[in-house]
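First the structure, in the form of structure tokens, and then the observations on it.
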């Protein structure tokens, strides 16, 4: 299986991973053969990347995922219902959120050794909900690695899932920035939920604060920013960077990580960044790469703690046009590096 940009998808390719709608129903099932109409529709609804199957990479599976498909659908559905309620001026269902978080906690604790790979297929309709889910999952995994207790993990996870809750309900005020606006609004909405800890509301309020005091809404510094909020800031920054376009293309994970390291001690907490770099997959399975040896291949395996040294399957064309493959473990080849992520 390969992970490629929509521009490289062609009619006749087989879809490698199911695409879900906002309400959890299936838009396209894995294994379907893509047509011109399907590809056009996927582009129209905002899909930018896909997993596809082909003969050379049929046995390559994405890295085991931290969250099950059932948990993902429950989280996205819960976020969709919560946002819809707020837009309608109604209260949202905190019990639904809490139950979805219980499933997430169970998945994260059972899969704490799995590396983070954010390759869920997004559409314009589900992008905000997938973002909330990703920030929640990364934040919770960081909390596990930082030895937070069960109660702390649940507070952190709920705060992370709902960190942007104020966005749909916020309205511009003269001279007020968007981060300042939605953080206060999210704080007010969550503070009113008596079944939630006040610390959960502070995640919504503080997730745009920076360690050096340059953030919003209050310009807090260092430890004056709650630990939960500092964790969520790292997760939020990473997922946002992956959706950021540069020269018309999304940032790759390794570029996003480089940019985050440059924020260390300024916008982001240095110690939390260290933990993050231990759990993220910089070169996810299925990504095509070019090595310093000028050979090209597809990433097929990972090493926890060595995110920049995956296992790569090299694809070589023989004189008779047959394609041979062999694998190289970059953890054992210290003089070989990934020069470029292709496509």
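Remarks
- Note on the chain: GNM, Cα springs under 10 Å; of 224, 163, 254, the largest mean-square fluctuation is that of 224.
- Along each principal axis, taking the top coordinate minus the bottom one, the Cα set of region 2-53 gives 28, 21, 18 Å in descending order.
- Over region 288-341, the hull volume per residue, using the convex hull of the C-alpha atoms, is 74 Å³.
- Reducing region 297-316 and region 107-137 to their Cα centroids gives an inter-centroid distance of 21 Å.
- Listed peptides 181-187, 94-100 by packing density, highest first (mean Cβ within 10 Å): 181-187, 94-100
- Mean projected area (nm²) of the alpha-carbon convex hull when the chain is viewed from all directions: 18.4
- Highest-fluctuation residue, 245, 81, 69 considered, GNM on the chain with Cα pairs under 10 Å: 245
- Dividing the summed helix terms, -39500 (n - 2.57) for each DSSP H run of n ≥ 4, by the number of residues in the chain produces a 222 nm estimate of -12500 deg cm²/dmol to the nearest 500.
- Among 231-241, 272-282, the order from most to least packed when residues are scored by Cβ within 10 Å on average: 231-241, 272-282
- Cβ-derived FRET efficiency at R0 30 Å, residue 270 paired with residue 340, nearest 0.05: 0.55
- Gyration tensor verdict on region 87-150 (Cα atoms; rounded if a/c is under 1.5, prolate if a/b is larger than b/c, oblate otherwise): oblate
- Taking 0.36 nm per residue of separation and subtracting the current Cα-Cα distance, fully stretching the chain between residue 303 and residue 68 would add 82.5 nm.
Read-outs: derived from the displayed coordinates by stated rules, not from any lab. Here the structure is a predicted model, which means the values were calculated and not measured. Every residue, glycine as well, gets a Cβ built from its backbone with ideal geometry; the counts of neighbours run over all protein chains shown.
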